[in-house]
């Protein structure tokens, strides 16, 4: 487990970069929302919320990359990432019947794996 802790920065770089790709939701909300959730996004108020979601999740991704370089901030950022990703996994899983033909299943798998990796690091560190 010492090897995992010593090389955990690579996990943060990769998972941070994957998480930061949601910044695309801020730039192209209708297209990204359709791909991720399978629904048309036409209401300007919901577009604003989708853009904000993209900004917040994108910032989380950048913070994960940052704590790869700066280990002193890992605990709070990983705690935030665990809560954020676990809640998304739970919500998508409980409502999966509404997300056929979307990338929701991939999001569930990827984010659940990230939660496991982060929890394993915190338990070992």
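The values are calculated or read from the model by the stated rules, or taken from the named source; none is laboratory data. Quick caveat, the model's predicted, so the values are computed rather than measured. All Cβ positions, glycine included, derive from the backbone under ideal geometry; neighbour counts span all protein chains shown.
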Query - Hey, residue 78 surrounded by 13 or more Cβ atoms within 10 Å (Cβ to Cβ) and outside any helix (DSSP H, G or I) or not - result: no
Requested in this report: Determine whether region 53-71 contains at least one residue that is within 29 Å of residue 124 (Cα to Cα), at pLDDT below 90 and surrounded by fewer than 17 Cβ atoms within 10 Å (Cβ to Cβ).
Outcome: no
**Report entry** Failed condition for residue 64, given (1) touching a helix residue (DSSP H, G or I) at 6+ places or on another chain (Cβ under 8 Å); (2) free of Cβ contacts under 8 Å to residues at least 12 places away in the same chain
**Finding:** (2)
**Report entry** Test result for residue 90, under 17 Å from the mean Cα position of the chain (by Cα), over 16 Å from residue 37 (Cα atoms) and either in contact (Cβ under 8 Å) with a residue 40 or more places away in the chain or not in a loop (DSSP other than H, G, I, E, B) (or both)
**Finding:** no
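Residue-by-condition table, conditions (1) over 16 Å from the mean Cα position of the chain (by Cα); (2) surrounded by 16 or more Cβ atoms within 10 Å (Cβ to Cβ); (3) within 18 Å of residue 123 (Cα to Cα):
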position: 30; (1), (2), (3): yes, no, no
position: 43; (1), (2), (3): yes, no, no
position: 47; (1), (2), (3): yes, no, no
position: 51; (1), (2), (3): no, yes, no
position: 106; (1), (2), (3): no, no, no
Report task. For residue 71, state whether it is over 13 Å from the mean Cα position of the chain (by Cα), closer than 18 Å to residue 117 by Cβ and free of Cβ contacts under 8 Å to residues at least 12 places away in the same chain. Result -> no
